[in-house]
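Please treat every number below as a calculation from the coordinates, not as lab data. None of these values were measured; they are calculated from a predicted model. All Cβ positions, glycine included, derive from the backbone under ideal geometry; neighbour counts span all protein chains shown.
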Amino acid sequence: MLKYIANRLLQIVVTLFVFFALTYFILDAQPGDITLQYVNNPKFTKEQREALRRRLGLDKPAYVRFFQWMGNTLRGDLGESYQYRKPVMDVLLERAPRTIFLFLTATLIEFFVGYWLGRVLAWQRGTGLEYGITVVGAFFYTVFTPWFALMMIYLFGFTLKWFPIGKFLDVTLWRAAPKGLTANQIFINLLLTMTLLAVALVVVYYLTRRMNPYRASLFRWSALIGGAAIVVGYWAASPVAKYAWDILYHMALPIIVLTLINFSGTMLLTRTTMLETLREDYIMAARAKGLPERVVRDKHAARNAVLPVFTSLIISLPFILGGGIITETVFSWEGLGLTLLTASTTGDIPLVMGSFLFIGTLALLAHLVADIAYAFLDPRIRYA
Amino acid sequence: MAEKPLLSVRNLTMIYKTRKGPVSAIDDVSFDLKRGESLGLVGESGCGKTSVAMALLRLLPDNAQITGGQILLDGMDLTTLSEEEMQNVRWKRISMVFQAAMNALDPVYKVGDQIIEAIERHERDIDPAEARKRVEALFHLVGIDPKMADRYPHEFSGGMRQRAIIAMALACNPDLIIADEPTTALDVIVQDQVLRELRQVQKQMGMSMIYISHDIAVIAEVAERIAIMYAGRLCELADAVEIFKRPRHPYTVALMSAFPSIVGEKRPLVALGGEPPDLLFPPPGCRFHPRCPRALDICKQQQPPFEDIGGGHYLACWNPAPVAEVQS
Ligand SMILES: Nc1ncnc2c1ncn2[C@@H]1O[C@H](COP(=O)(O)OP(=O)(O)OP(=O)(O)O)[C@@H](O)[C@H]1O
Ligand SMILES: [Mg+2]
């Protein structure tokens, strides 16, 4: 297993290198550069522009610049953003937690909602309920994402005013925030507590796997509810509760939209694989053993049906991050996606490359983690 | 006979509802099974053997419907039990070795745990250590290293999986085990071994057994009594020796002739033309008449009754083969 992980990490490094080289040269092939921004300024002379280009190193050939960038990156220096005049690393470290927290939460919710509904669908096959949910699911599966997101903002943000529009916090509230408190700290702490909760739940799941199904599910549900209560309690009691709440409140609508758009793929796939699994002989054997239907469904059918669903989640991870650019833009969520978009339209090459570095590394690491998790789900998989 | 049978199937009739109409998979099937007895159920592919097995456990697909008859287990009619009551009968009273036993183990759980699952289902208060001990004893009995209990199904060979399934079928010490083509997926040598072991264990533990196979040679080795099934109906049922020595139904005669005699007698080979009927449109009268060399007019119109012709030899035929013909 360790050897496998080491191998995969090496692969990740190679993939990233190829990926950076490609993006760098494609970016360079774009006409114009950052200095074009000043072209409309009459005081900006041709000589000044050349001087600026020289200062930014834009007069050197692309491959020289690429290897320079690569060398600096390996030393941990991502350069300075042209737009923000700050180290790229600072800009990105500030924005990454927002993206990770939003998409991690949305993906988890999406996956469990889709999986749970798919299970119900398979079990209710042939009923009006199945038909209704399938039609609704197919709608969300095919809907045009930006249009749908805008409609949701219009309806819930603008007309009904249930949720705030745009940004990830309320500026007037944060102006009064205690000195030294930044939104980032909250994001990072939220991420940490969520990870702790997730680890605790996995441990409980693992410890209860041999128990009889009723007791196991009792333990699991109490762990879930208890764990969630502790987390909520911890945050409610903390002095920054209202700031955390502000962030979560701003996050609600993007999460709802992301969940609605993505759950149906998981749901429809779960339904199909579940129906296939139900035809397996071991399901018949489970019934023959006298196990109640609920146990046959949850412990045997669903447990096996989750495998291909999880695989598809692994494969879709990079697309979730890619689609994040659209979501972040529509919701003005200043995360990695939006940063990448503005940086590439303005020709802020260091920031573009930095964003790609973050997004690419995140996607590949998530992929690796998911692959390792899969080995625990399916005993037939052995990484050697 | 004074002894009450363990299982008594009375005029069982079952159909599969399909878009094209009802498939008459079991029609008016009756037989008794005593405690400790082993019965073989033989017939061509598609004649309804698995359907009978599944009907006994009431594990039929959604489109199946038992339209008549009774399944009496110690006098209790299984066809009238609720689903919950039936769940208590499954595995505790009647267990099964599946036709596709190779895939009857859930790939994501350890084999031992799957057997313990069955034990704990029916003996709620059992101590986990004791259940575990029983699994190891069962593995020992069927000839698998007890350590294998902690392995996953994919780490088992075909023969070992089959043995594990047999161990699982024995786990709750049931009154009846149904073995549906338990060895078809195995190679011939392992087949023989497993079958003999199964028979031995069954005798040792004194449980009843129904062996199902399309191969009468396989059945001959393990069954005390043999029932011959054709197109959803039983045509003949008798002691194994009787069936081999004095088959009366023309279909049985044809089956026997295709099988080299165990007692060394020469038999004329009876070629059986045609195909078994489509159970969507079973022929009227005796279902075998279109292929029967001895068919009379009455066979085309009236279903022959399935009756005892003496000494527990049951037969459904208007024009049975004479006893002498096969003994020549
Ligand atoms: N779910 C179903 N719906 C409709 N027809 C079915 C269904 N299951 C089985 N049948 C039909 O019922 C008949 C009996 O099938 P069954 O599986 O009991 O036969 P079998 O004797 O076990 O055959 P084999 O030796 O191939 O296992 C067959 O003609 C089959 O096509
Ligand atoms: Mg069959």
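Tabulated results
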{"quantity": "Cα-Cα pairs of segment A:2-74 separated by more than 17 Å (percent)", "calculated": "58"}
{"quantity": "Relative contact order (%) - criterion: Cα under 8 Å, at least six apart; region: chain A", "calculated": "30"}
{"quantity": "Orientation-averaged projected area, Cα convex hull of the protein assembly as shown (nm²)", "calculated": "42.4"}
{"quantity": "Exposure proxy order (Cβ contacts within 10 Å, fewest to most) of A:T15, A:T339", "calculated": "A:T15, A:T339"}
{"quantity": "P(r) histogram, all alpha-carbon pairs of chain B included - 20 Å bins from 0, percent", "calculated": "31, 56, 13, 0"}
{"quantity": "Pairwise label distance in nanometres, A:M211 with A:W245, each label 7 Å out on the Cα-Cβ vector", "calculated": "3.4"}
{"quantity": "Distant alpha-carbon pairs in chain A (separation over 29 angstrom), percent", "calculated": "55"}
{"quantity": "Theoretical gain in end-to-end length, A:T45 to A:N72 [0.36 nm per residue, Cα-Cα removed]", "calculated": "6.6 nm"}
{"quantity": "Per-residue ³J(HN,Hα) for segment A:245-260, Karplus 6.51 cos²θ - 1.76 cosθ + 1.60, θ = phi - 60°, Hz, x for Gly and Pro", "calculated": "4, 4, 5, 4, 4, 5, 7, 4, 5, x, 5, 4, 5, 4, 4, 4"}
{"quantity": "For segment A:278-384, Kirkwood radius (reciprocal of mean inverse C-alpha pair distance, Å)", "calculated": "16.9"}
{"quantity": "Rounded to the nearest 20 debye, dipole of chain B from Cβ charges on Lys, Arg, Asp, Glu", "calculated": "540"}
{"quantity": "Dipole axis of chain A (+1 Lys, Arg; -1 Asp, Glu on Cβ), positive-most option in A:G290, A:S222, A:S81", "calculated": "A:G290"}
{"quantity": "Nearest-0.05 FRET efficiency for A:F144 and B:S45, computed from C-beta distance (R0 56 Å)", "calculated": "0.60"}
{"quantity": "Contact order normalised by residue count of chain B, Cα under 8 Å, 6+ apart, percent", "calculated": "20"}
{"quantity": "Mean projection area, nm², convex hull over Cα of segment A:233-281", "calculated": "5.5"}
{"quantity": "Extended-chain gain in nm, criterion 0.36 nm per residue less alpha-carbon gap, A:M151 and A:I256", "calculated": "36.5 nm"}
{"quantity": "With eigenvalues of the C-alpha gyration tensor scaled by 5 and rooted, segment B:47-128, Å", "calculated": "25, 18, 10"}
{"quantity": "Translational D in µm²/s for segment B:94-173 (Stokes-Einstein at 10 °C, 1.306 mPa s, Kirkwood Rh from C-alpha pairs)", "calculated": "129"}
{"quantity": "Residue order, fewest to most beta carbons within 10 Å, for B:F306, A:F140", "calculated": "A:F140, B:F306"}
{"quantity": "Ascending count of other beta-carbon atoms within 10 Å, so fewest first, for B:K245, A:K167", "calculated": "A:K167, B:K245"}
